[in-house]
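> Would you mind keeping the following structure in view while I ask a few things?
Nothing in this text is a laboratory measurement; each read-out follows from the coordinates by a stated rule. None of these values were measured; they are calculated from a predicted model. Here the Cβ is made from the backbone with ideal geometry for all residues, glycine too, and neighbour counts use every protein chain on show.
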Amino acid sequence: MAKKREDNAFWRALASVERFVIILTAIGTTLIVSGACILRWFNINFNGFEEILIIVAFWLYMIGCAYGTYEKSQITADIVEVMMKECFAKELIRLVRYTLTFVLGAIMMYWALHLLLWTIEMDTRTPVYRVPTAVGQSSMLLGLVLLTFYNAVYLYDNIKEFVSRHVAKTEACLADAEGGAKP
């Protein structure tokens, strides 16, 4: 299923756009910090560079989170999954984990939407350059939308795999039980 999805043009394009934004914002973050350091060395004040840096860093972080979810390369504490042998309980724990990840992502996405709407309504801006704070906060909403989308897809895959594996086993057990019960 995953191979079929990765061949999809939408899926590939989305990952490519995310990689491009990550590269662009990583370069931007590096240039801003380096530029500020160099200017300080020459006693030149780059007043308010933190305002621009925080916006670029927000985009880097949130799109990076979404891309990490896409790759399934997020840092996890899966000690239970590592220590348990493959069994029904381990698969059930994995299903619960995917469900909780999706639900929590959806809740945070909802909060990010309301924060962004409030920020737009209040027309908040940065102190020095007067950049709307919605520019940086919109990265939270987009990152969480993508993150939740990926988690929904992976949850669907996990449910489908779980059901197909255990329904087939249950049907086989029932067939064996019926076969054994007949005279």
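> Averaging over all projection directions, find the projected area of the Cα convex hull of segment 100-147 and quote it in nm² with one decimal place.
Working: hull surface 12.7 nm².
Taking the Cα atoms of segment 100-147, their convex hull projects to 3.2 nm² on average.
> Starting from segment 74-133, pick out the chymotrypsin sites (Phe, Trp or Tyr not before Pro) whose DSSP state is loop and whose Cβ has at most 10 other Cβ atoms within 10 Å.
On the way: sites: Phe88, Tyr98, Phe102, Tyr110, Trp111, Trp118, Tyr129; in loops: Tyr129.
In loop regions of segment 74-133 (DSSP not H, G, I, E or B), there are no sparsely surrounded chymotrypsin sites (Phe, Trp or Tyr not before Pro).
> Which value at 222 nm does the chain reach when only helices count, each DSSP H run of 4 or more adding -39,500 (n - 2.57), with the total divided by all residues and rounded to the nearest 500 deg cm²/dmol? Could the numbers behind the result be given before it?
Details: 6 runs with 149 residues, N = 183.
After summing the helix terms and dividing by residue count, I get -29000 deg cm²/dmol.
> Could I ask something else about it? Return the Cα extents of the chain along principal axes one, two and three, sorted largest first, each rounded to a whole Å.
Here the spans come out as 94, 36, 34 Å, largest first.
> Give me a comma-separated list of calculated 3J(HN,Hα) values for segment 155-161, in order, Karplus coefficients 6.51, -1.76, 1.60 applied at θ = phi - 60°, integers in Hz, x for any Gly or Pro.
Going residue by residue, I get 5, 4, 4, 5, 4, 4, 5 Hz, with x marking Gly and Pro.
> Taking the chain as a Gaussian network, Cα atoms linked when under 10 Å apart, which of Ile63, Ile44, Ile23 shows the biggest mean-square fluctuation?
Comparing Ile63, Ile44, Ile23 in the GNM, the peak value goes to Ile44.
> Then there is this: With Rg and the Kirkwood Rh both taken from Cα atoms, where does Rg over Rh land for segment 2-51?
Values: Rg = 18.1 Å, Rh = 13.4 Å.
Rounded to two decimals, Rg/Rh equals 1.35.
> For segment 31-92, what are the per-bin percents of Cα-Cα distances with bins 5 Å wide, up to the bin holding the maximum?
The percentages, shortest bin first, are 4, 14, 14, 12, 11, 10, 8, 8, 6, 6, 4, 3, 1.
> What residues have an amide H closer than 5 Å to that of Arg125, excluding those fewer than 5 places away on the same chain, when H is modeled at 1.01 Å from N in the peptide plane?
Thr133
> Next up: Taking every alpha carbon pair in segment 1-105, what does the distance histogram look like in 10 angstrom bins from 0, in percent?
Reading upward from the zero bin: 12, 28, 26, 19, 11, 4, 0.
> Quick one: 3J(HN,Hα) in Hz for segment 70-84, Karplus 6.51/-1.76/1.60 with θ = phi - 60°, rounded, Gly and Pro as x.
Here the 3J(HN,Hα) series is 4, 6, 6, 10, 5, 5, 10, 10, 9, 4, 5, 5, 6, 7, 7 Hz.
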